[in-house]
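Taking it in order: structure first as structure tokens, then the write-up.
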Amino acid sequence: MEKTKARVTSILVYPVKSCRGISVPQAPLTPTGFRWDRQWLIVNSKGRAYTQRVEPKLALVTVKLPDAAFSEGWLPTANSFMVLKAPGMNELKISLSTPHEVTDGVSVWEWSGSAWDEGHEAANWFSNYLGKPSRLVRFNAASETRPVDPQYANGHKVMFADGYPFLLLSQGSLDALNNLLKEPVPVNRFRPNILVDGCEPFSEDLWTEIKINKLAFQGVKLCSRCKVPTIDQETAVAKPEINETLSKFRSDKVLRPTGKVQGKVFMGQNMVLKDFLKDGKGKVIKVGDPVNVVKMVSSAAEAPA
């Protein structure tokens, strides 16, 4: 069954949850997703996660990491920093070395645990930018694990991503949506990790197993979309048209007519890396890598969602 369907055209990593992503030519894989992906999180005074759903201004925070950070096996030095910028703010430099302070009671959706605290300067920066008490925390992989929904991908885990280690989207799907919109939107509305091109629109719905650079990814769940795709990532202003359009042809009612209607709309496929349950050795995928479809279902109604 294995055949080349498409190629990887973009790889996107989002170091700080809900802030801007970084487009990179290659990225090392880890059991929780691409290295650095959603490793940091902004929380309120009670330790609860801020996301663009509540704080759309986070869309305007840009993130830069050293280029070398995306090479296989790279280790930070004392002079390695993540640099954050936002309108009206001085730049903030966060050391990539592990912080010393631990903070308890950090929560993302249903998960809570402890995390590294990035200190007062970062807390003041985000508190000033958002106009409310905030802290920047980093996932503490040494002491914490955050499992994904075992119903879909038992044994897999993430850091601060919403649900799963990887989100894959095809250019064809984006183009099909844009053909129906009055104002076309860029891919950053959907915050995928892997963008592929060269396949039919929405064919990623059907992919239950693919190979990229000989690495097997499993499609575990169609991605149901929240409010974030409606937020313009250049202005942080929400425009509902995008989800209204999606609901006409990408809702559970349309795609899964015999299932229970929950009012969800779908765009993209959540994925896990199959081999990481066996061994966690370093692996990299690159822009340009072919995508081979190994297993697929025949319709979106058969795909887990």
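The values are calculated or read from the model by the stated rules, or taken from the named source; none is laboratory data. All figures in this text were calculated on a predicted structure; none of them were measured in a lab. Here the Cβ positions follow ideal geometry from the backbone for every residue, glycine too, while neighbour counts run over all protein chains shown. Calculation scope for accessible area: heavy atoms of the full protein, side chains included, ligands and nucleic acids excluded. Shrake-Rupley method; radii C 1.70, N 1.55, O 1.52, S 1.80 Å.
Tally time: how many residues in the range 88-97 are open to solvent by less than 80 Å² (accessible area, probe 1.4 Å) and either closer than 14 Å to W36 by Cβ or not aliphatic (A, V, I, L, M) (or both)? Please lay out each step first, then the result.
Initial filter on the range 88-97 (open to solvent by less than 80 Å² (accessible area, probe 1.4 Å)): 89, 92, 94-97.
Now narrow it down to the ones that are either closer than 14 Å to W36 by Cβ or not aliphatic (A, V, I, L, M) (or both): 94-97.
Total meeting the criteria: 4.
Would you kindly identify the strands (runs of 3 or more DSSP E) lying entirely within the range 1-83 that contain at least 2 residues that are at pLDDT 95 or above and within 20 Å of M271 (Cα to Cα)? Reasoning before the result, please.
Working: elements: 3-13, 22-24, 26-30, 40-43, 62-64.
Strands (runs of 3 or more DSSP E) meeting the threshold: 3-13, 22-24, 26-30.
Only one residue in S114, S107 is farther than 14 Å from K46 by Cβ and surrounded by fewer than 21 Cβ atoms within 10 Å (Cβ to Cβ), so which one is that? Explain how you work it out, then say what you get.
Details: S107 fails: farther than 14 Å from K46 by Cβ.
Going through S114, S107 in turn, just one is farther than 14 Å from K46 by Cβ and surrounded by fewer than 21 Cβ atoms within 10 Å (Cβ to Cβ): S114.
Residue by residue, here is whether (1) touching a residue at least 24 places away in the same chain (Cβ under 8 Å); (2) under 30 Å from P99 (Cβ atoms); (3) not hydroxyl-bearing (S, T, Y) holds:
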{"residue": "A123", "(1), (2), (3)": "no, yes, yes"}
{"residue": "T145", "(1), (2), (3)": "no, yes, no"}
{"residue": "Y152", "(1), (2), (3)": "yes, no, no"}
{"residue": "L180", "(1), (2), (3)": "yes, no, yes"}
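Filter the range 93-146 for residues that are part of a loop (DSSP other than H, G, I, E, B) and in contact with a helix residue (DSSP H, G or I) (Cβ under 6 Å, 6 or more places away or on another chain) and give the result. Break it down into steps so the answer makes sense when it comes.
First, the residues of the range 93-146 that are part of a loop (DSSP other than H, G, I, E, B): 96-101, 109-110, 118-119, 131-134, 140-145.
Matches in the range 93-146: P133, S134.
Return the residues of the range 30-49 that are open to solvent by less than 20 Å² (accessible area, probe 1.4 Å) and touching a helix residue (DSSP H, G or I) at 6+ places or on another chain (Cβ under 8 Å); say none if nothing qualifies.
W36, I42 - these are the residues of the range 30-49 that are open to solvent by less than 20 Å² (accessible area, probe 1.4 Å) and touching a helix residue (DSSP H, G or I) at 6+ places or on another chain (Cβ under 8 Å).
Sort out for me the strands (runs of 3 or more DSSP E) sitting completely within the range 162-214 that have 1 or more residues that are open to solvent by 20 Å² or more (accessible area, probe 1.4 Å) and farther than 19 Å from L273 by Cβ.
194-197
Residues are listed down the side, and each one gets a yes or a no for (1) surrounded by fewer than 20 Cβ atoms within 10 Å (Cβ to Cβ); (2) assigned to a loop (DSSP other than H, G, I, E, B); (3) in contact with a Pro (Cβ under 6 Å, 6 or more places away or on another chain):
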| residue | (1), (2), (3) |
| --- | --- |
| L222 | no, no, no |
| C226 | yes, yes, no |
| K248 | yes, no, no |
| K260 | yes, yes, no |
| F266 | no, no, no |
| V272 | no, no, yes |
| V291 | no, no, no |
| A301 | yes, no, no |
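Going by the conditions given, is D232 charged (D, E, K, R) and either buried (at least 21 other Cβ atoms within 10 Å of the Cβ) or touching a residue at least 40 places away in the same chain (Cβ under 8 Å) (or both)? Lay out the reasoning, then the answer.
Working: charged (D, E, K, R): yes; either buried (at least 21 other Cβ atoms within 10 Å of the Cβ) or touching a residue at least 40 places away in the same chain (Cβ under 8 Å) (or both): yes.
When the stated conditions are applied, D232 passes them.
Restricting attention to the range 205-216, which residues are over 15 Å from L246 (Cβ atoms) and in contact (Cβ under 8 Å) with a residue 12 or more places away in the chain? Break it down into steps so the answer makes sense when it comes.
Here is the first cut: in the range 205-216, the ones over 15 Å from L246 (Cβ atoms) are 206-216.
Scanning the range 205-216 gives L206, W207, T208, E209, I210, K211, I212, N213, L215, A216.
Step by step: first the residues of the range 118-144, then only those that are over 20 Å from R53 (Cβ atoms) and of a type in the set (D, E, K, R), then the one that is most open to solvent (accessible area, probe 1.4 Å). Which residue is that?
My answer is E121.
If we keep just the residues of the range 145-161 that are open to solvent by less than 30 Å² (accessible area, probe 1.4 Å) and not basic (K, R), which is farthest from E244 (Cα to Cα)?
Of the range 145-161, the ones open to solvent by less than 30 Å² (accessible area, probe 1.4 Å) are 146, 148, 153, 156, 158-161.
Still in the running and not basic (K, R): 148, 153, 156, 158-161.
Working: V148: 29, A153: 30, H156: 33, V158: 30, M159: 31, F160: 28, A161: 25 Å.
Looking at the filtered set, the residue picked out is H156.
Taking the range 72-87 as the search range and keeping residues that are small (G, A, S) and open to solvent by less than 50 Å² (accessible area, probe 1.4 Å), which one is farthest from Q39 (Cα to Cα)?
Taking the range 72-87 first, the residues small (G, A, S) are 73, 78, 80, 86.
If we keep only those that are open to solvent by less than 50 Å² (accessible area, probe 1.4 Å) too, we end up with 80, 86.
Working: S80: 16, A86: 19 Å.
Per the stated criteria, the residue is A86.
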